[in-house]
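Worksheet for the structure shown next.
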Amino acid sequence: MPRLALYTFGVLKSPLTDPGPLTREFYASGEAIYGNISRHPGHLAHAEAADGDRGGLFDADWGAWGEFAVPTWYGKGRTVETTALAATLSLWTDLRPAFDAVYTGLHREALNRRYDWFERTGHPNHVFWWVSDDPTPTWQDGVSRLEDLHDNGSTPDAFTFHQSFTPDGTPTGPAMSTQP
């Protein structure tokens with residue numbers, strides 16, 4: 001049975017190591033949000049560093065999720081001290097459970113504050129694509145799909161909540177509303 005991959009990417013206004021209150025607040029909220037999402041019905045897995053290191057995204061061992069990668073347009077730091085990004089890669093049973101996890105609860109509260117923490121880049125901040133049962137999507141898969149979405153809009157190979165597709169490539173019905 002096909003699974004749904006989700007890659008998210010955002011450019012933070014300041015590096016994760018910035019001691020400012022907004023950065024600390026964003027970073028501190030992550031554990032609770034990830035905990036809620038990982039227990040959400042329909043969530044199958046998400047990329048985690050194999051060695052448990054959450055500090056060095058570029059240097060961590062991500063196991064089957066592959067080497068950490070970012071879109072070509074990301075122009076900020078790549079060291080522990082300068083990295084100014086937030087990225088996730090996860091697997092879901094279907095679009096509806098992913099939508100519900102993103103647009104309810106703690107994650108919805110965080111989305112309401114996203115412009116306190118993230119730059120407006122003019123690029124999509126998430127992309128979905130269907131994968132078969134066996135392979136684990138990689139960070140590079142996510143980057144490639146996000147860049148494809150930016151360049152070509154929603155297609156069966158790279159799509160959003162609002163313009164989504166079934167595993168066989170058929171467009172879905174009306175767009176999902178992000179209003180609670």
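We did not get these values from a lab; they are worked out from the coordinates using the rules stated. Note that the structure is a prediction, hence the values are computed from the model and not measured. Counting neighbours? That spans all protein chains shown, and the Cβs are built from the backbone with ideal geometry, glycine included.
Using only the Cα atoms of the chain, what do you get for the radius of gyration and for Dmax, in Å?
Spelled out, the Cα radius of gyration and Dmax of the chain are 15.7, 47 Å.
Skipping prolines and chain starts, which residues have an amide H placed within reach, meaning under 5 Å, of the one on Ser164, given they are 5 or more residues away or on another chain?
Under 5 Å from the amide H of Ser164 lie the amide H atoms of Thr172, each far enough along the sequence or on another chain.
Compute the helix-to-body angle for 139-152: its Cα long axis versus the longest principal axis of the chain, expressed 0 to 90° and rounded to tens.
The angle comes out at about 70 degrees.
Sum up the charges of everything whose Cβ sits under 15 Å from the Cβ of Arg120, counting Lys and Arg as +1 and Asp and Glu as -1, but leave Arg120 out.
Computed value for this residue: +2.
Given charges of +1 on the Cβ of Lys and Arg and -1 on the Cβ of Asp and Glu, with all other atoms neutral, how large is the dipole of segment 30-117 about its Cα centre, in debye to the nearest 20?
400
With point charges of +1 on the Cβ of Lys and Arg and -1 on the Cβ of Asp and Glu, referenced to the Cα centre of the chain, which listed residue (Leu111, Gly35, Val70) lies farthest in the positive direction of the dipole?
Leu111
Which cross-chain or sequence-distant (5 or more) residues have an amide H under 5 Å from the amide H of Ala45, H modelled 1.01 Å from N in plane?
Leu91
222 nm [θ] for the chain, helices only, -39500 (n - 2.57) per DSSP H run of 4+, per residue, to 500?
Using -39500 (n - 2.57) per qualifying helix, the result is -8500 deg cm²/dmol.
Scan around Leu85 for amide H atoms under 5 Å from its own, H built in the peptide plane at 1.01 Å from N, and keep only partners 5 or more places away or cross-chain.
Leu12, Leu16
Taking θ as phi - 60°, what are the ³J(HN,Hα) couplings along segment 59-65 by the Karplus curve (6.51, -1.76, 1.60), each to the nearest whole Hz, with x for Gly and Pro?
Going residue by residue, I get 9, 6, 8, 9, x, 5, 6 Hz, with x marking Gly and Pro.
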